[in-house]
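Peer 1: Dropping a structure here in structure tokens format, bear with me for questions.
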Amino acid sequence: MNLPERETGQVRIGIAIEIPEPYAAQLSAARVAADDPLANFIPPHITLLGPTLLDAGRLAQARGHLAAVAAAAPPFTVRLRGTATFRPISPVVFVALAQGISECEQLESTVRSGMLDGELRFNYHPHVTIAHEVPDADLDKAFEAMADYSADFDVDRFYQYEHGDDGIWRPQASFRLGSGDTTLV
């Protein structure tokens, strides 16, 4: 995983839609089955803003920005269906979105604006990773194992995560769509 180097006084944040249960457990199990070493460090999610460095003193301002983004976005439904891959560009297998793509794209665009604006390594494509930077045989295994996967769920919030010194991504705050109400987790 490409993580920016954190300096003293900085936090490494990410913004994502959390996958609810029972789907989160199913997608985590798929990542474990693919022998992905990050399976126990990264909860299943749809990324809105990848790993980003922020001065700790600006976290409240960033949360204000995120609350405004959430207030302007209505809740929506996501339908996950089947697998796809970014190979040969990137060694990733993922569960694809069949519904909710445009809503995720709009959220990503507004989240990644203002103080959180930054360059993307790749064009944004909402998805749920189930295997990343593992041998081709494990990528193939993950692709086949989840090819018929399907799940529908409502999205009514997104989360600000922080990357801990132990390598685990943990939710720190949630932002309710349609209201911007912020809850520290």
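The values are calculated or read from the model by the stated rules, or taken from the named source; none is laboratory data. Everything numeric in this text was worked out from a predicted model, so none of it was measured. Cβ coordinates were reconstructed from backbone atoms using ideal geometry, including for glycine residues, and neighbour counts include every protein chain displayed. In case anyone asks, the SASA skips ligands and DNA or RNA and just uses the protein heavy atoms, side chains included. Shrake-Rupley method; radii C 1.70, N 1.55, O 1.52, S 1.80 Å.
Peer 1: Please give the length that would be gained between residue 21 and residue 133 if that part of the chain were fully extended, namely 0.36 nm times their separation in residues minus their C-alpha to C-alpha distance (nm, one decimal).
Peer 2: Full-extension gain reported as 37.8 nm.
Peer 1: Let me ask you something else. Output the 0 to 90 degree angle, nearest 10, between the alpha-carbon long axis of helix 101-111 and the longest principal axis computed from the alpha carbons of the chain.
Peer 2: Orientation of helix 101-111: about 40 degrees from the principal axis.
Peer 1: On a C-alpha basis, how far is the centre of segment 1-70 from the centre of segment 78-102 in Å? Whole number, if you could?
Peer 2: Cα centres, segment 1-70 to segment 78-102: 18 Å.
Peer 1: Please list the non-local residues whose amide H lies under 5 Å from the amide H of residue 127, H modeled 1.01 Å from N, same-chain partners needing a gap of 5 or more.
Peer 2: Those lying under 5 Å, H to H, from residue 127 are 47.
Peer 1: Go through 127, 64, 51 and say which Cα lies farthest out towards the positive end of the charge dipole of segment 47-145; charges sit on Cβ, +1 for Lys and Arg, -1 for Asp and Glu.
Peer 2: Among 127, 64, 51, the one farthest towards the positive end of the dipole of segment 47-145 is 64.
Peer 1: Given labels modelled 7 Å from the Cα in the Cβ direction, how far is it in nm from residue 106 to residue 29?
Peer 2: 3.5 nm
Peer 1: For segment 1-146, build the convex hull from the C-alpha positions and give me its volume per residue in Å³.
Peer 2: Hull volume normalised by residue count: 118 Å³.
Peer 1: I would also like to ask the following. How much length is gained on full extension from residue 185 to residue 81, taking 0.36 nm per residue of separation minus their Cα-Cα distance?
Peer 2: Working it through step by step, the gained length comes to 34.5 nm.
Peer 1: Of the accessible area of segment 1-147, with the probe set at 1.4 angstrom, what percent is carbon plus sulfur?
Peer 2: Here carbon and sulfur together make up 53 percent of the probe-accessible area.
Peer 1: Something else: Applying the Karplus parametrisation 6.51 cos²θ - 1.76 cosθ + 1.60 with θ = phi - 60° to the phi angles of segment 168-185, what ³J(HN,Hα) value in whole Hz is obtained for each residue in order, glycine and proline being reported as x?
Peer 2: Taking θ as phi minus 60°, the curve returns 8, 8, 10, x, 10, 7, 10, 10, 6, 5, x, 10, x, 3, 10, 10, 6, 8 Hz for segment 168-185.
Peer 1: Which of the GluC sites (Glu not before Pro) found in segment 50-123 are loop residues per DSSP with 10 or fewer other Cβ atoms within 10 Å of their Cβ?
Peer 2: Sites meeting the loop and neighbour criteria: 119.
Peer 1: Out of segment 120-185, which chymotrypsin sites (Phe, Trp or Tyr not before Pro) are coil in DSSP terms and have no more than 16 other C-beta atoms within 10 Å?
Peer 2: 122, 124
Peer 1: With every protein chain kept in place and ligands, DNA and RNA left out, what is the accessible area per residue of the chain? Probe 1.4 Å, answer in Å².
Peer 2: With all protein chains present, the chain gives 50 Å² per residue.
Peer 1: State the extension gain, in nm to one decimal, for the chain segment bounded by residue 60 and residue 122, taking 0.36 nm per residue of separation less the distance between their alpha-carbons.
Peer 2: 19.5 nm
Peer 1: How large is ³J(HN,Hα), in whole Hz, for each residue of segment 133-145 in order, when computed from phi with the Karplus curve 6.51 cos²θ - 1.76 cosθ + 1.60 and θ = phi - 60°, using x for Gly and Pro?
Peer 2: 6, 10, x, 3, 4, 6, 4, 4, 4, 5, 4, 5, 4
Peer 1: Still on this structure: For segment 8-75, state what percent of all Cα-Cα pairs lands in each successive 10 Å bin, counting from 0 Å until the bin that includes the largest distance.
Peer 2: Values per bin, smallest distances first: 17, 37, 30, 15.
Peer 1: Which ³J(HN,Hα) values in Hz, rounded to whole numbers, follow from the phi angles of segment 10-27 under the Karplus curve 6.51 cos²θ - 1.76 cosθ + 1.60, where θ = phi - 60° and Gly and Pro get x?
Peer 2: Coupling constants for segment 10-27: 10, 10, 9, 10, x, 10, 7, 8, 7, 8, x, 6, x, 5, 4, 5, 5, 6 Hz.
Peer 1: Less than 12 Å Cβ to Cβ from residue 48, Lys/Arg counted +1 and Asp/Glu -1: what total charge do the surrounding residues give?
Peer 2: Net of charged neighbours comes to -2.
Peer 1: Assuming R0 = 25 Å, can you tell me the calculated FRET efficiency for the pair residue 41 and residue 72, based on Cβ-Cβ distance, to the nearest 0.05?
Peer 2: Efficiency computed from Cβ-Cβ geometry: 0.20.
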